Amino acid sequence: MKYPITIIGMGPGNPQLLTLAAKKALDEADVILFDCMPDDSLLKEFNFKAEIKAIDKKIDPTAMLNEMKKHYDMGKKVCRLKPGDALMFNGGGKEARALKANGIDFVMIPGITASCAAINIFAIPTTEMEESDVSVNFVYHNNEKNHQLLKELANTLKYGSTIHIYFANTDCIAEIVTIITSAGVSADMPVAVTSRISAKDQTSVMTTLAKVEQTLRAIDMKRPMLFTVGQYVEILSKKQIIPLDIPLKV
């Protein structure tokens with residue numbers, strides 16, 4: 001008997017944000033495969049009976065598919081972990097296509113992506129009923145096509161939309177601000193920056209496009225970070241540094 005491969009979006013990292021469906025699948029798995037973990041607390045906190053294997057796709061891009069196929073053909077229950085939501089910037093679509101092309105059955109379990117986790121943990125409004133109906137996730141890359149797309153999306157900020165910008169390091173902040181303001185967006189546009197979302201040392205800070213670079217360099221926020229930009233953006237939580245007040249162990 002062969003079991004479908006289970007591709008799991010494991011959320012932003014905190015074990016308590018794993019879905020019940022994902023936890024059940026992991027509890028029943030024979031093999032758990034991963035290549036990129038935002039936080040290793042998930043595997044530390046739960047005593048899964050499965051064999052746990054890290055796969056380095058940088059050495060061999062086909063390594064993960066080959067590993068999934070090997071255990072699938074052996075009749076094992078395989079779980080493939082992906083950060084956040086598997087289909088949001090994490091390559092889950094490519095792997096699902098590859099599995100389908102190889103005649104391998106699979107199921108997908110959704111996870112909480114970083115932007116959704118951040119805005120809920122820190123209580124950051126991103127839409128406003130009957131005024132703003134758009135919230136966009138965007139990954140910043142330093143190339144002309146990406147910059148042009150961000151500029152076009154920035155135009156929607158003038159109509160009340162919100163853009164969540166994932167970025168790699170503080171060196172690109174000035175470029176992001178320049179692109180957005182070049183679309184005619186006010187430098188006073190609110191920006192919430194969240195860091196290490198759902199981890200014990202998660203932080204957030206409220207600023208503006210004009211001051212965001214200066215703010216981040218002054219407080220030295222840890223990566224990964226996320227910008228949430230929009231006219232309705234504000235941090236409604238009482239604290240800007242909030243540990244999750246629930247125990248990690250289950």
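The values are calculated or read from the model by the stated rules, or taken from the named source; none is laboratory data. The structure displayed is predicted, hence computed values, not measured ones. As a convention, Cβ positions derive from the backbone with ideal geometry for all residues, glycine included, and neighbour counts pool all protein chains shown. Note: accessible area is taken over every heavy atom of the protein model, side chains too, but ligands, DNA and RNA are not part of it. Shrake-Rupley method; radii C 1.70, N 1.55, O 1.52, S 1.80 Å.
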Exercise for review: Report, for the chain, the % of DSSP beta bridges that are antiparallel, rounded to 5.
Suggested key: 50
Practice item. Take every DSSP beta bridge with both residues inside region 1-88 and express the antiparallel ones as a percent of the total, to the nearest 5. Key: 10
Check your understanding: About its Cα centre, how strong a charge dipole does region 1-144 have in debye, to the nearest 20, once Lys and Arg get +1 and Asp and Glu get -1 at the Cβ?
Key -> 820
Study note, to complete from the structure: For region 158-163, in residue order, the Karplus 3J(HN,Hα) values (coefficients 6.51, -1.76, 1.60; θ = phi - 60°; whole Hz; Gly and Pro = x) are 5, 10, x, 6, 10, 10
Check your understanding: Assuming a viscosity of 0.890 mPa s and a temperature of 25 °C, what translational diffusion coefficient in µm² per second does Stokes-Einstein assign to the chain, Rh being the Kirkwood radius over Cα pairs?
Key -> 126
Point to revise | Expected 222 nm ellipticity per residue - DSSP helices of 4 or more, -39500 (n - 2.57), all of the chain, to 500 | key: -8000 deg cm²/dmol
**Study point:** Most positive-pole-ward Cα, Tyr3, Phe122, Gly91, against dipole of the chain from beta carbon charges
**Key:** Tyr3
Practice item. Name the long-range amide H neighbours of Thr113: under 5 Å, sequence gap of 5 or more, or other chain; modelled H, no Pro or chain starts. Key: Asp85
Check your understanding: With a sphere of radius 15 Å drawn around the Cβ of Arg217, what net charge do the other residues whose Cβ falls strictly inside it have (Lys, Arg +1; Asp, Glu -1)?
Key -> -1
Study note, to complete from the structure: dims of region 95-206, Cα set, principal axes, largest to smallest, nearest Å -> 52, 35, 35
Study note, to complete from the structure: Between the Cα axis of helix 92-101 and the main Cα principal axis of the chain, the angle (0 to 90°, nearest 10) is 30
Review point. If we count GluC sites (Glu not before Pro) as exposed when they sit in a DSSP loop and have at most 11 other beta carbons within 10 Å, what is the longest stretch of the chain that avoids them all?
Key: 1-129
Revision key, fill the gap. Carbon and sulfur atoms account, in whole percent of the 1.4 Å probe accessible area of region 49-142, for 54
Review point. Put Thr178, Thr228 in order of accessible area, largest first, 1.4 Å probe: what do you get?
Key: Thr178, Thr228
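With charges set only on the Cβ (+1 for Lys and Arg, -1 for Asp and Glu), what does the dipole of the chain come to about its Cα centre, in debye to the nearest 20? Walk me through the intermediate numbers first.
On the way: 29 positive and 29 negative charges, 149 e Å.
Charge dipole, the chain, about its Cα centre: 720 debye, nearest 20.
Expressed as a rounded percentage, what relative contact order does the chain have, with Cα pairs under 8 Å and six or more residues apart?
Details: 489 pairs, mean separation 51.6, N = 250.
That works out to 21 percent.
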Review point. If you count the DSSP beta bridges with both ends in region 94-242, what percent of them are antiparallel, to the nearest 5?
Key: 80
Review point. Considering the chain as a Gaussian network with a 10 Å cut-off on Cα pairs, which listed residue, Ile59, Ile197, Ile165, attains the greatest mean-square fluctuation?
Key: Ile59
